Every structure is written in structure tokens, then in C-alpha cells.
Amino acid sequence: MLKGLHHAAIICSDYEKSKHFYTSVLGLKVIAENYREARNSYKLDLQLPDGGQVELFSFEHSPERPSYPEALGLRHLAFTVESVEAFSKHLTQLGIDVEPIRVDEYTGSKFTFFSDPDGLPLELYEL
């Protein structure tokens, strides 16, 4: 039986830029950082406050992610926050474009979208 989501893995085009984004902008804590010489690749394990993790990988010559129109597969990653307004303001002050805040018609919860440095769609969802 499934118990929860352990991690989401992301492949980035610019490791240092994405590392800065996920640690300094989003505030995720570094668990481990490893350089894999055989693959000329970094793997960065990041901790979310609830115990979940994000794995950040760098691979040379990765194809771009098809996004618009949306391709089959993973649509976006959603992070829970106490206040969508507060975190959106934080992102905006750092020069990150954030979509207007919306309300989920089924749950009544606030949410919005923004993108990581490679255009991966990320969601803020207020619980």
C-alpha cells in the first residue's frame, strides 16, 4: 500500500542557477549533493518541511520539456504553503513572474502558478 510521495525528480539545464532557485528562492534544505563523474552530472537532494524531497539532476544535452500545448505526462509540481499571497509576494520581489491567484472551485483553496528557471510549471497551493 502506498504511504506517500517520497520525492519528485527534476532535470535542469543550468545546475547552479537551479540550485540557487530551489535553495535560496524556494528555501529547500540541502540533504546531499553529489557529483557523478562517470555521467558528468550533479544530483542534489533537497528536503521539504513535510519530509518530502526534490531531487535536482543535471544531465548534458537533455531535450527541452514540451509544455504548450501541454504534453502527456507530469503536468506540474504543487507545493503547499500557509499563504499563497505571502509566498507570491516573496517570489515577485525576487523578479519571478507569478500568475494571478485563483480559487479552486471544488475545495475553495487558493492557488497560483509560476515557473522554475527551465520553465517547469510549479504551483503554490494553500491548505
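The numbers here are math on the coordinates, done by the rules we state, and not lab data. Nothing here was measured: the structure is a model prediction, and the numbers come from that model. We place every Cβ from the backbone using ideal geometry, glycine too, and count neighbours over all the protein chains shown.
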Task: Hits among lysines - C-alpha to C-alpha of LYS110 under 22 Å, sequence gap 8 or more where chains match - done: LYS89
Task: Helix 84-93 vs. the chain, principal-axis angle (Cα, 0 to 90°, nearest 10) - done: 50
Open item on the list: Taking θ = phi - 60°, what integer Hz values does the Karplus form 6.51 cos²θ - 1.76 cosθ + 1.60 yield along the range 49-65, in sequence order, with x for Gly and Pro?
Closed with: x, 8, x, x, 9, 10, 9, 10, 10, 10, 10, 5, 6, 6, x, 5, 7
Open item on the list: As a test, work out the antiparallel percent of DSSP beta bridges whose residues both lie in the chain, rounded to the nearest 5.
Closed with: 65
- [ ] For the range 39-108, run through the chymotrypsin sites (Phe, Trp or Tyr not before Pro) and keep only the ones in DSSP coil with at most 16 other Cβ atoms within 10 Å of their Cβ.
- [x] PHE59, TYR106
- [ ] May I ask you to derive the relative contact order of the chain, considering only C-alpha pairs under 8 Å and at least 6 residues apart, and to give it as an integer percent?
- [x] 22
Open item on the list: Using a 10 angstrom Cβ neighbour count of at most 11 plus a DSSP loop assignment to flag exposed trypsin sites (Lys or Arg not before Pro), which longest range of the chain is free of such sites?
Closed with: 4-74
TODO: Provide ASP97, ASP14 in ascending order of the number of other Cβ atoms located within 10 Å of each residue's Cβ, fewest first.
DONE: ASP97, ASP14
Task: Theoretical ellipticity at 222 nm over the chain - DSSP helices of four or more residues, -39500 (n - 2.57) apiece, nearest 500 - done: -3500 deg cm²/dmol
Task: Rg/Rg_ref, the chain, where Rg_ref = 2.2 N^0.38 Å and atoms are Cα - done: 1.10
